[in-house]
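Please treat every number below as a calculation from the coordinates, not as lab data. Every value quoted in this text rests on a predicted model; they were computed, and no experiment measured them. For neighbour counting, all protein chains shown are included, and Cβ atoms are generated from backbone atoms with ideal geometry for every residue, glycine included.
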Amino acid sequence: MALIECRFYSEVLGLSTSMTVILPQKTTSQIGMSNVTRGELHPTLYLLHGLSDDDSIWLRRSSIERYVAEMGIAVVMPQVHHSFYTDMAMGGQYWTFISEELPALARSFFPLSHKREDNFVAGLSMGGYGAFKLGLRKPESFAAVASLSGSLDIAQHFKNTDDPAAKRGYQMIFGEKDVAGTPDDLLWLLKELDQSQGPKPAFYQCCGTEDFLYENNLSFRDACRKTSLSLTYDEGPGEHEWGYWDAKIRDVLAWLPLK
């Protein structure tokens, strides 16, 4: 595998930012690793970070590079700060960045496939929200999307918080509006996608039963089960921590519908 720390300028954000990228590299003599490639243009997993982290975190806290080596897929891990993958009321246009500019730039820099069947997105916590938002709002771009311990009922999550800092952060991201019933509300987006005639990605959702976002995840699961969308749901013992996510990302990789 090739590991690239890529620093670049974003026209959408108006600043320099970064992404960490893993690219397949076929090797025959590397000790302890079995590396393969699938062709000239690589299938790609966009892997999203959580609220307190950055584009390096999946590489630092999990064995994602080792896990994908024998799969022959690229992994693109972008930096989005505290944005909730949203065009912020007081901040950067991170939804436009993650949904439009980043994939185009990544494909211009690296040999990544543009085909829908070769593109997937997954994330943890805030990144789980971002992954499902991409799947629900850009279903023509992704074949499969996965959330690990995601913050999926965002309207209810912030409505229930008593943390003043969290409330201020919410206002910086979403403004004074109620998110419910808007394109930032995953439960509303579920209904919209269910009623649409276009392609629909497969969804994978997991959360630990001891996670503080467990009830939040049940809300999304129950709403999704009322639609025709394909949802693979997994729960079991686990908290909001990297031991759980390092194990579950392997389940996500095994579930991906690679051609």
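Is the stretch 136-155 home to any residue that is loosely packed, with under 15 Cβ neighbours inside 10 Å and touching a residue at least 24 places away in the same chain (Cβ under 8 Å)? Break it down into steps so the answer makes sense when it comes.
Looking only at the stretch 136-155, we keep the residues that are loosely packed, with under 15 Cβ neighbours inside 10 Å, and these are 140.
Right, trim to touching a residue at least 24 places away in the same chain (Cβ under 8 Å) and you get 140.
Yes, some residue in the stretch 136-155 is loosely packed, with under 15 Cβ neighbours inside 10 Å and touching a residue at least 24 places away in the same chain (Cβ under 8 Å).
Could you please let me know if residue 89 is free of Cβ contacts under 8 Å to residues at least 40 places away in the same chain and of a type in the set (A, V, I, L, M)?
Judged against the criteria, residue 89 is not a match.
I'd like the full set of residues that are hydroxyl-bearing (Ser, Thr, Tyr), surrounded by 15 or more Cβ atoms within 10 Å (Cβ to Cβ) and either within 23 Å of residue 132 (Cβ to Cβ) or in contact with a Cys (Cβ under 6 Å, 6 or more places away or on another chain) (or both), limited to the stretch 11-55.
Once the filter is applied, which keeps residues that are hydroxyl-bearing (Ser, Thr, Tyr), surrounded by 15 or more Cβ atoms within 10 Å (Cβ to Cβ) and either within 23 Å of residue 132 (Cβ to Cβ) or in contact with a Cys (Cβ under 6 Å, 6 or more places away or on another chain) (or both), the stretch 11-55 yields 17, 20, 44, 46.
Just give me the residues in the stretch 93-105 being among the β-branched types (Val, Ile, Thr) and surrounded by fewer than 22 Cβ atoms within 10 Å (Cβ to Cβ), in sequence order.
Correct list: 96 only.
Looking for something of a type in the set (Phe, Trp, Tyr), at positive phi and buried (at least 21 other Cβ atoms within 10 Å of the Cβ) - is there at least one such residue anywhere in the stretch 71-92?
Yes, there is a match, as at least one residue in the stretch 71-92 is of a type in the set (Phe, Trp, Tyr), at positive phi and buried (at least 21 other Cβ atoms within 10 Å of the Cβ).
Collect the residues in the stretch 71-85 that are under 17 Å from residue 246 (Cβ atoms) and assigned to a loop (DSSP other than H, G, I, E, B), keeping them in residue-number order. Please lay out each step first, then the result.
The first filter runs over the stretch 71-85 and keeps only residues under 17 Å from residue 246 (Cβ atoms), leaving 71, 75, 77.
The answer is 71, and nothing else.
State all residues of the stretch 196-226 that are more than 28 Å from residue 89 (Cβ to Cβ) and surrounded by fewer than 15 Cβ atoms within 10 Å (Cβ to Cβ); if no residue qualifies, say none.
197, 198, 199, 209, 210, 222, 225, 226
Mind checking which residues of the stretch 98-131 are assigned to a loop (DSSP other than H, G, I, E, B) and either closer than 20 Å to residue 253 by Cβ or touching a Leu at 6+ places or on another chain (Cβ under 7 Å) (or both)?
Of everything in the stretch 98-131, those that are assigned to a loop (DSSP other than H, G, I, E, B) and either closer than 20 Å to residue 253 by Cβ or touching a Leu at 6+ places or on another chain (Cβ under 7 Å) (or both) turn out to be 110, 111, 113, 115, 125.
Residues checked against (1) touching a residue at least 24 places away in the same chain (Cβ under 8 Å); (2) in contact with a helix residue (DSSP H, G or I) (Cβ under 7 Å, 6 or more places away or on another chain); (3) in a helix (DSSP H, G or I):
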| residue | (1), (2), (3) |
| --- | --- |
| 204 | yes, yes, no |
| 207 | yes, yes, no |
| 222 | no, no, yes |
| 228 | yes, yes, no |
| 233 | yes, yes, no |
| 239 | yes, no, no |
| 249 | yes, yes, yes |
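Just to verify a result, which residue in the stretch 40-57, among those that are of a type outside the set (Val, Ile, Thr) and without any contact (Cβ under 8 Å) to a residue 24 or more places away in the chain, is nearest to residue 165 (Cα to Cα)? Even if it seems obvious, please write down each step before you answer.
Narrowing the stretch 40-57 to residues of a type outside the set (Val, Ile, Thr): 40-43, 45-56.
Narrowing the set further to residues that are without any contact (Cβ under 8 Å) to a residue 24 or more places away in the chain leaves 52-53.
Values: 52: 14, 53: 17 Å.
Checked the stretch 40-57; the qualifying residue nearest to residue 165 (Cα to Cα) is 52.
For residues that are within 19 Å of the chain's Cα centre (by Cα) and assigned to a loop (DSSP other than H, G, I, E, B), scanning just the stretch 169-198, find the one that is farthest from residue 126 (Cα to Cα).
Restricting to residues being within 19 Å of the chain's Cα centre (by Cα) and assigned to a loop (DSSP other than H, G, I, E, B), the top hit is 183.
Somewhere in the stretch 59-68, is a residue surrounded by fewer than 21 Cβ atoms within 10 Å (Cβ to Cβ), of a type in the set (S, T, N, Q), within 30 Å of residue 172 (Cβ to Cβ) and in contact (Cβ under 8 Å) with a residue 60 or more places away in the chain?
Yes: the stretch 59-68 contains one or more residues that are surrounded by fewer than 21 Cβ atoms within 10 Å (Cβ to Cβ), of a type in the set (S, T, N, Q), within 30 Å of residue 172 (Cβ to Cβ) and in contact (Cβ under 8 Å) with a residue 60 or more places away in the chain.
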